[in-house]
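Let me begin by presenting the structure, written as C-alpha cells, before commenting on it.
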Amino acid sequence: MASLRSVKGMNDLFGVEALSLGAVESLARNLAKRWGAEEVRTPVLEKLDLFVRSVGEATDVVGKEMYAFEDKDGSQLCLRPEATASVARMLVQHGILRDHPRFRAFYAGPMFRRERPQKGRYRQFHQVGVEFFGEPEPSADVEVIALAAAILDALGLDDVVVELGSVGCPECRPSYREQLVAFLRQEADQLCELCNQRTETNPLRCLDCKSASCQAVYGDAPLPLDHLCDACDQHQAGVEKGLDRLGLDYRVNKRLVRGLDYYRRTVFECTTQKLGAQSAVIAGGRYDGLLGSVGGDEGVAAVGFAAGTERLQLLAREAGTEAGLSPADVAIVTDRNQGVDEALVLMQGLRASGLVVVADLSDRGRKAKTKWLGRTTHRHSLFLEADGSARLRLQGMETQAVHPEIAAILQVLSSN
Ligand code: HAM
C-alpha cells in the first residue's frame, strides 16, 4: 500500500524543530507578559463570514487562500488564516471589554493559508501575536512596536528593519483612494494584469506589487502617508516621537500597505533580506473599528501584530541563537530488567526535584543499552547493576559536582 504523507505545505515538527518552535513561543509569551498581555486561545475553525467581514473579501488571504468548506449543517466554515479577527470576535462574544475596557491579548498557534509553499512560507504555519484593545493613543502603537523589537532583540536578530507607515482612516482614505485609482487607470497599460485587477478591487495593494516595471510607475504614484488628515498626521507624529524617545530604530516607508483590509492609521512590518522572497517576519498595525464589523462597538480602538514563528525560528538559526535540544540531566539504565522498581523510585525522586530523566529499563543487554546511552543526549548516566550498586558516569564533571539530589540518592542506594 502506498505510504501516506502529510498535506503539502503542512509540516510535521519533531526533534529540534518542535523544541525550538516551542522555545520561540515561550520567549514571545514571556515578553508579552511583561507588556501586560494575557494569553488567549481561540478555535482554529471559525465561520467563514468572520474573515470576509474583517480581513476583506478582496484580499488574497480571503479571496484566494482560505481553507473553506461547508459543514454538515450547511454552515460555511474555514480554518483561520490569522487570529486578529478571532480575538476580536471572542471579545465581543463574551463581553470582555465591559469589565476590561483596555484588554491586552497574547496568542500563539497554527494558522492556515493555501499559498505556494517555499522557504518561510507554509500552508500551516504558526504565529505569536498580541492585540491591545481600547487604547487609541499613539503610545499604544509605540508599546506594540517596542514589544516586537524586544522579541527580535531577545533572539539576537539585529538586522531586521522596522518599517513604519500609515494608511489613514475613513476620513482621509476615500479621497486618497480616488486619487490613487485615477493615477492607476491613467497608467493602466504600463501595469501588470494583477495591478489592473486590483485597481478596481483593492487599489492600495498595487503599491506592494513585486514587478519591477510596476514599481517604476509607482515612483510617481500618490502615497498614503502624504494624504493623511490632520488627526492621522498627528497620530503618526506621536508614534514617531515615542519610538524616537525609546531610541528604537525604524524607517518611515511612505508606500507601506498591508494585505488585510482592517488597518487604520499605523501599519508596520519588520523586514529582512535573509528569507528570500518572504521579507516580513513581524507585521501589524492599528485597526480601530474592527470590532464593529464583527458585531461589537465600532468605537473601540485596537492595535497589534503577529510574528511568523517559523520565520523567527529560521532567522534565529541563521544567527546561531536558535534554542536547541537540551540534554537530559540523567540517563538511567538497568542491568537487563533487574532492579526496575528501584530505578522507578529513583526516577520519581529525581523528576520531583526538577531533573529531566530518560531511561532504558528494558530486558535488552548491556551492549544495546550502552549504544542507546551513546545516542541519547544526557549529562550524567547512571548504570544500576543487578547487585543494587550504581555506577555513575559524569560528563565533563568531577564527582564532587554531582547534583545534590543525585548524590543524596546515590548515598541511600550505596548504603542499602
Ligand atoms: P500578516 O502580515 O498576514 O498579518 O501575517 C503576519 C506574519 O505571519 C507575517 O509577517 C509572516 O511572518 C507570517 N506569515 C504569514 N503568512 C505565512 C505563511 N504562509 N507561512 C509562514 N509565515 C507566514 C496578520 O496575520 C495580522 N493578523 C497581523 C496583525 C495582528 N495585525 C494586527 N494585529
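Couple of notes before you dig in:
A quick yes/no check of all residues on (1) modelled with pLDDT of 90 or more; (2) more than 16 Å from the chain's Cα centre (by Cα):
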| residue | (1), (2) |
| --- | --- |
| TYR287 | yes, yes |
| GLY299 | yes, yes |
| PHE305 | yes, no |
| THR309 | yes, no |
| LEU314 | yes, no |
| GLU322 | no, no |
| GLY354 | no, yes |
| ARG379 | no, yes |
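- Pairs where the first residue, in the range 284-308, is among the polar types (S, T, N, Q) and the second is within 12 Å of the ligand (Cβ to nearest atom) and open to solvent by less than 30 Å² (accessible area, probe 1.4 Å), C-beta under 9 Å, 6+ apart: SER293/SER54; SER293/ALA85; SER293/ALA88; SER293/TYR262
- Residues within the range 283-338 that are farther than 30 Å from LEU384 by Cβ, open to solvent by less than 10 Å² (accessible area, probe 1.4 Å) and of a type in the set (Ser, Thr, Tyr), tallied: 2
- Qualifying residue in the range 119-140 (condition: in a helix (DSSP H, G or I), free of Cβ contacts under 8 Å to residues at least 40 places away in the same chain and either touching a Leu at 6+ places or on another chain (Cβ under 9 Å) or more than 9 Å from the ligand (Cβ to nearest atom) (or both)): no
- For ALA221, the conditions (1) open to solvent by less than 60 Å² (accessible area, probe 1.4 Å); (2) in a helix (DSSP H, G or I) all hold with the exception of (2).
Listed here are the residues, each with its yes/no results for (1) assigned to a loop (DSSP other than H, G, I, E, B); (2) in contact with a Lys or Arg (Cβ under 9 Å, 6 or more places away or on another chain); (3) of a type outside the set (A, V, I, L, M, F, W, C); (4) open to solvent by 30 Å² or more (accessible area, probe 1.4 Å).
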| position | (1), (2), (3), (4) |
| --- | --- |
| VAL162 | no, yes, no, no |
| CYS169 | yes, yes, no, no |
| ASP189 | no, no, yes, yes |
| THR199 | no, yes, yes, no |
| VAL217 | no, no, no, no |
| LEU248 | yes, no, no, yes |
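- Criterion: open to solvent by 40 Å² or more (accessible area, probe 1.4 Å), part of a helix (DSSP H, G or I) and under 19 Å from GLY168 (Cα atoms) - qualifying residue of ASP244, ASP226, ASP261: ASP226
- Residue match in the range 26-39 (condition: of a type in the set (Asp, Glu) and closer than 29 Å to ILE145 by Cβ): yes
- Complete set of residues in the range 265-302 that are near the ligand (Cβ under 9 Å from one of its atoms) and among the small types (Gly, Ala, Ser): SER279, ALA280, ALA283, GLY284, GLY285, ALA302
- Helices (runs of 4 or more DSSP H) fully within the range 53-108 counting 3 or more residues that are in contact (Cβ under 8 Å) with a residue 24 or more places away in the chain and not basic (Lys, Arg): 84-93
- Test: residue in the range 38-61 that is open to solvent by 80 Å² or more (accessible area, probe 1.4 Å) and under 20 Å from the mean Cα position of the chain (by Cα): yes
- Per-region count, the range 118-133, residues of a type in the set (Phe, Trp, Tyr) and open to solvent by 10 Å² or more (accessible area, probe 1.4 Å): 2
- Criterion violated by ASP153 - all others in (1) away from the ligand (no atom under 13 Å from the Cβ); (2) under 20 Å from GLU310 (Cβ atoms); (3) in contact (Cβ under 8 Å) with a residue 60 or more places away in the chain; (4) part of a helix (DSSP H, G or I) satisfied: (3)
- Considering ALA88, ALA105, the condition of being under 28 Å from ARG317 (Cα atoms), within 13 Å of the ligand (Cβ to nearest atom), touching a helix residue (DSSP H, G or I) at 6+ places or on another chain (Cβ under 8 Å) and not polar (S, T, N, Q) is satisfied by ALA105 alone.
- Selection from the range 5-25 of residues that are under 13 Å from THR309 (Cβ atoms) and open to solvent by less than 50 Å² (accessible area, probe 1.4 Å): ALA18, SER20, LEU21, GLY22, ALA23, VAL24, GLU25
The values are calculated or read from the model by the stated rules, or taken from the named source; none is laboratory data. These figures come from a predicted structure and were not determined experimentally. Using ideal geometry, Cβ is built from the backbone for each residue, glycine included, and neighbour counts are taken over all protein chains shown. Ligands, DNA and RNA are excluded from the accessible area calculation, which covers all protein heavy atoms including side chains. Shrake-Rupley method; radii C 1.70, N 1.55, O 1.52, S 1.80 Å.
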